[in-house]
Every structure is written in structure tokens, then in C-alpha cells.
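One structure is given here, and the rest of the page talks about it.
Please treat every number below as a calculation from the coordinates, not as lab data. Here the structure is a predicted model, which is why all the values come from computation and not from measurement. A quick note on method: Cβ atoms are made from the backbone with ideal geometry, for glycine too, and the neighbour counts reach across all protein chains shown.
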Amino acid sequence: MNSSGISPIGNSSGISPSGNRIIIKPDDVERVTEGGIIIPDAQADSHQGAQSIGTLIGVGPDAWTHLTEKVYRLIDGSMRLMELRTKGYSEPFAKVGDRVAFAKYGGLAVVGEDGEQYRVMNDEDLTAKVSAGVSFTDMKSRKRVGVK
């Protein structure tokens, strides 16, 4: 991946994540079942929006790094620093091209320059790396990005 977040598997979205943001290409759900039944567009679109697995396409420059969060509380009329919390990862959690799980409806849904749906979210919003056989929806996913 180069410094702009463009991945070697080809980020044709026109989206380069900043900070600790990442870009995911959600797996496409099938529009026709193996038995030949055509899924109505409304139902397929609903399942596509709820899709919770996809391929990591781009990673911002600060993803997977520790962040320090300051917690202040109002005590006796003044704000006082109460706690420093370290958030983040000790090492990169996933790399571009990995298949990952994320929260249903998580992140910001955007349409890239290539007309495809993407999700832009915080690195912390990933819940797992998953293998090709894992499905988080009751509708089958198509092959992931970059698979021939």
C-alpha cells in the first residue's frame, strides 16, 4: 500500500482514508439463489446494507496505532483530568486484502468513483478477521474482492 492508502489489490474507489479510518468493500449478496430464485431488489438491498463482512481496501496512516484519551470531570466547579486511557492496537490487526467482520450498518456508506458501495469506518470498528467460508447473513455472499 502506498502513503495515500491505495492498496496493491486495486483501490478504484477514489477514497483515501485519513487518520485511523479504514475502507471496506462489503461482500455483495447474491441476487439469484443457487436454485434460480430471483431475490427482489428491496430484500437484496436490505441484506446488502446489513452485510457485516467484506474486504479491507484501504488503511489510513494512523490506523492500528495507540491513541491516548483524556477523561475530564467537573469537580468543585472546574474541569480536572481524572484518567488517561490508552486505546488502539499493539500491532496491525489486519492488512489490505484481508476479509474482515464489522458491525451491521457500521461506518459511513459511500459510493466510490467506480460506482461500488464502500464503508468508511474507524479501525476500532473491525470485530474479526474471517476466512472465506464465514457468512454473517442469511443470504449468500459473492466471492470477495480480488478472488479470481
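A few comments on the model shown:
- For the pair Val110 and Glu83, the difference between a 0.36 nm per residue extended length and the Cα-Cα distance amounts to 6.1 nm.
- Length gained on full extension, Asp76 to Asn122: 13.0 nm, using 0.36 nm per residue less the C-alpha separation.
- Residue by residue, segment 110-117 carries 3J(HN,Hα) couplings of 9, 9, x, 4, 7, x, 8, 7 Hz when phi is fed to the Karplus relation 6.51 cos²θ - 1.76 cosθ + 1.60 (θ = phi - 60°); x denotes Gly or Pro.
- Around Val71: net Lys/Arg minus Asp/Glu count, Cβ-Cβ under 14 Å: +3
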